[in-house]
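All remarks here apply to the structure that follows.
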Amino acid sequence: MSVVSGCCASQASKFPREFLLSALGEPRSGLTALVPRTEEMQARDSRQHDRWHQALPMEEFLRAAFNGRFRFGMEPDQEATIRIRTGTMFCWSCGAETRIVVGLGITAADKELMVTIPSLGEYPQAGELIRRYVSTHRDIGAIKRRFSSTQRRKYLSNGCAHCGSLIGQMYELDADWDDEPLDTFRVRIADGWKQVIDSCGWQDTWHVYS
Ligand SMILES: [Zn+2]
């Protein structure tokens with residue numbers, strides 16, 4: 001196994017300008033280029049391809065690097081898949097069974113992330129899209145900003161479909177998740193979703209684009 005240190009010019013913030021690009025294999029049979037997922041990746045991780053962001057033939061990697069297709073961060077038109085996950089519970093106020101949005105499953109590149117409605121409230125563009133979408137479903141309580149006397153603030157919240165009462169952040173945990181998502185759709189990450197996935201622990205990285 002041989003290891004080379006890749007050096008790439010970047011104005012990017014968190015990821016290092018110089019990082020370890022690992023190459024695995026024998027020169028005669030062809031080397032595999034391993035693009036790191038985080039700056040903490042080390043040469044000893046080379047044996048486990050699935051721990052790396054990308055693994056591709058060295059020849060293909062070099063062609064991409066020289067053609068400007070090895071870049072940091074996301075492409076402007078990169079998309080994510082959003083799954084609206086719902087669940088049922090009994091309203092603390094009127095006692096009726098109601099359906100709420102327990103969270104949004106977000107698939108971006110090869111990562112699965114999850115964000116709740118109160119957290120989504122920090123990101124108006126994404127929050128508004130989901131609020132409008134859910135408003136077409138009568139059996140789900142409206143997604144809107146409600147005042148919580150516990151938290152002494154207004155936040156984007158679930159509510160009871162029958163009486164409209166706030167289903168507080170902690171009560172959401174009581175819901176029985178529905179097996180299937182309410183709906184699945186694609187969004188452009190640049191349309192207000194980048195900050196959402198960043199808040200879920202997303203880390204920009206180097207990527208060979210096709
Ligand atoms: Zn109710």
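The values are calculated or read from the model by the stated rules, or taken from the named source; none is laboratory data. As the structure is a computational prediction, the values presented were derived from the model and not from experiment. Positions of Cβ are backbone-derived with ideal geometry, glycine not excepted, and every protein chain shown enters the neighbour counts.
A190 falls short on exactly one of the conditions (1) crowded, with 17+ Cβ neighbours inside 10 Å; (2) of a type outside the set (V, I, T); (3) under 15 Å from the mean Cα position of the chain (by Cα), and that condition is (1). If only residues of region 201-210 that are part of a loop (DSSP other than H, G, I, E, B) and of a type outside the set (D, E) are counted, the one that is farthest from the chain's Cα centre (by Cα) is S210.
Just to be sure, is R83 more than 16 Å from the ligand (Cβ to nearest atom), of a type outside the set (F, W, Y) and in contact with a Gly (Cβ under 6 Å, 6 or more places away or on another chain)?
Details: more than 16 Å from the ligand (Cβ to nearest atom): yes; of a type outside the set (F, W, Y): yes; in contact with a Gly (Cβ under 6 Å, 6 or more places away or on another chain): yes.
Yes.
The number of residues in region 66-89 being assigned by TED's automatic domain parsing to the domain that holds G168 and free of Cβ contacts under 8 Å to residues at least 12 places away in the same chain comes to 0. Within region 92-120, residues that are of a type in the set (S, T, Y) sit with their Cβ atoms under 6 Å from residues that are more than 16 Å from the ligand (Cβ to nearest atom) and in a strand (DSSP E or B), at 6+ positions apart or across chains, in these pairs: T107/T81; T116/G103.
Counting the residues of region 16-53 that are assigned to a strand (DSSP E or B) and modelled with pLDDT under 80 gives 10.
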